[in-house]
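First up is the structure itself, then whatever we jot down about it.
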Amino acid sequence: MKRQKAERRRMIFRFLKGSYRYFLLAVMFSMLYTVFNSLTPQVIRAMVDSIIGTEPFQLPEPVIALIEQVGGREYIRSHLLWVVAAILLIALCAGVCTFFSRTATAVGAEGFTKRIREALFSHIQRLPYQWHVKNRTGDIIQRCTSDVEMVRNFVSGQMLEMVRIVFLLVFAMSLMFSMDAKLTWVALAFVPVVVLYSFLFYSKISARFRKADEAEGQLSATVQENLTGVRVVRAFGRESYEIERFDQKNNLFADLWIRLSYVMGMYWGFGDLFTGLQIMTILVLGTIETVHGNISVGTFMAFISYNATLVWPIRSLGRVLSEMSKAGVSIDRINDILSEQDEADDPAALTPDLHGDITFDHVQFGYGETPILQDISFTVKAGSTFAILGGTGSGKSTLMHLLDRLYELPPDSGTISIGGVDIRAIRLSYLRENIGMVLQEPFLFSRTIRENISAVKPSANLDEIRRMSRIANVDEAIMGFSGGYETIVGERGVTLSGGQKQRVAIARMLMQQAPIMIFDDSLSAVDAETDAKIRQALNRHLGNSTVILISHRITTLMSADCILVLSNGKIAQMGTHQQLIQQPGIYRDIYEIQTAQSDQALGTKEG
């Protein structure tokens, strides 16, 4: 627990750098506001005791001297506008202090929050791919929005409020002791009870806030997944199931907050009881003291005012601690992200020419306890076209993820090298800049088609963009849109068909002009004729780039210089198309099935 609290403090002070002066100004003006606000009861006390009554003025010597200078008690009695002016001046000064305090708080808090958001987003960009796979998008978004906002509210509100409460306690008590020490001790007798009760409440509610916050993250993730997969939901008529799933998460979230409300309601109820007892006790004892002449009426009125000023901030200590509990949970959830180890890109790492041979040497890999690749060894010749065929789960995509270092190959699990250099010794950013990859389900940003294609090369002109689009056989389709290349792509590319998305992604990858290009089943959504056109255009324009094709379609792979067949994470066959169809095995079986299907489809069409 101590370590956790220390980490929370470190995080807050880390991001407060740059905002210290604003928060110090906010504290200073808040204290000045407390001082000015405390002067009004003294004016009322002097009014009742020394202007209406005949008691000597209980004011600082400079103020008494000023009163005598303007004409004394009788002058003030006949010119009460001076009292009104004094009260208005105090209110004006208090208002000015409130303005500057809130302004400084707002500026400091926004700078603090901005730094947290920037650090979170920047850190998330550098986290390993497997971290993103393990964590749900909705939960990550909640940590970057709701949790950050919770911390901002605490720093700009409750943390400053605690400083103000401490100062108010000291200042108000000093004034109360100067008026009546006995009544002050009675008033203070209730403070430890309220403080102890508040901390007891804090200890009970902290864990419940964490559960509620985690439930909110699950709820956000459910909504995000539903909205992302809306087409699948509609296509399979899963609306009722999704509504029921959402209702379960929503009911859990609501139930946790209802339980929290019970605890908070009990706290506020008992707190009101303690506060009422304290005020009642002071009223009764103060009235007795006033009746017996031990204190004046004006002093009693001022004392009651200070007591109210003292009671309610202490009373709100539970609210401050409640918000502190929420903020503590949010800080922990933010720290969970910031404490994750990012992908270290060693500046001293190598940046070799990546036009060399790609070699997998006795590679073994698995996800957790599940083995995926077992003793994989092969070489992709520089400038050649290499194809990979295999069933679902055979490890085709995993090979490419390892090559791109989306997953790190563990020690003693073989090596992957390019041009004789182990990829673990190559600078990570440099490696990925020189490996172009198009996935079966490409991601497009909610921007124009032009911006999506030029994402890897923002300086590219339209002619260059269109040239790459022609190679990907998508230029004609894009020009058919009313906006052409300025057409806005809907979220996750919903404006385009599956084949169009794949071809736009291919055009984007070609803009990279990388020495290694990977097509991971990226032509699965286009017809055979379009597939052939794209492959022919690629062959004409790829130059000396090394191309790796992954596909279930034999016609896409058959022109490759070498074809690798995977089965259950092992190499089953390897060779050219002509070699593989001459030998019994998986490749020939698939070729015969797909050829028969093509002949049958052709016969049906002619018939």
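The values are calculated or read from the model by the stated rules, or taken from the named source; none is laboratory data. On a predicted model such as this, the values are computed, not experimentally measured, just so you know. Glycine also receives a Cβ, built like all others from the backbone with ideal geometry; neighbour counts cover every protein chain displayed.
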**Asked** When residues of segment 558-573 are filtered for being closer than 27 Å to Pro371 by Cα and either in a loop (DSSP other than H, G, I, E, B) or over 46 Å from the mean Cα position of the chain (by Cα) (or both), how many remain?
**Response** 3
**Message:** For segment 491-508, check the following and say yes or no: at least one residue is at positive phi and modelled with pLDDT under 85.
**Reply:** yes
**Prompt:** If we keep just the residues of segment 293-338 that are of a type in the set (S, T, N, Q) and modelled with pLDDT of 80 or more, which is nearest to Phe199 (Cα to Cα)?
**Reply:** Ser330
**Scan of segment 410-431 for residues that are touching a residue at least 24 places away in the same chain (Cβ under 8 Å), among the β-branched types (Val, Ile, Thr) and either farther than 30 Å from Lys381 by Cβ or assigned to a helix (DSSP H, G or I) (or both), ordered by number** = none
**Prompt:** Hey, which of the helices (runs of 4 or more DSSP H) in segment 109-171, taking only ones fully inside, have at least 3 residues that are more than 11 Å from the chain's Cα centre (by Cα) and surrounded by fewer than 18 Cβ atoms within 10 Å (Cβ to Cβ)?
**Reply:** 129-134
**Request:** Considering every residue within segment 432-451, establish whether at least one is assigned to a strand (DSSP E or B) and surrounded by fewer than 18 Cβ atoms within 10 Å (Cβ to Cβ).
**Result:** yes
**Asked** Could you list, in sequence order, the residues of segment 142-171 that are more than 16 Å from Ser101 (Cα to Cα) and of a type in the set (Gly, Ala, Ser)?
**Response** Ser146
**Request:** Could you please give the count of residues in segment 529-557 that are hydrophobic (A, V, I, L, M, F, W, C), surrounded by fewer than 17 Cβ atoms within 10 Å (Cβ to Cβ) and not in a helix (DSSP H, G or I)?
**Result:** 1
**Request:** State all residues of segment 452-489 that are more than 30 Å from Pro347 (Cα to Cα), without any contact (Cβ under 8 Å) to a residue 40 or more places away in the chain and in a loop (DSSP other than H, G, I, E, B); if no residue qualifies, say none.
**Result:** Asn461, Val474, Gly480, Phe481, Ser482, Gly483, Thr487
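Each row is one residue, and each column tells you yes or no for (1) surrounded by fewer than 21 Cβ atoms within 10 Å (Cβ to Cβ); (2) in contact with a Cys (Cβ under 8 Å, 6 or more places away or on another chain); (3) outside the structural domain of Thr145 (by TED's automatic domain parsing); (4) part of a loop (DSSP other than H, G, I, E, B).
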| site | (1), (2), (3), (4) |
| --- | --- |
| Ile304 | yes, no, no, no |
| Leu310 | no, no, no, no |
| Asp332 | yes, no, no, no |
| Ala348 | yes, no, yes, yes |
| Pro352 | yes, no, yes, yes |
| His362 | yes, no, yes, no |
| Gly366 | yes, no, yes, no |
| Leu402 | no, no, yes, no |
| Tyr407 | yes, no, yes, yes |
**Message:** Among the listed residues Phe209, Phe201, identify the single one that is farther than 30 Å from Met173 by Cβ, in contact with a Leu (Cβ under 8 Å, 6 or more places away or on another chain) and at pLDDT below 75.
**Reply:** Phe209
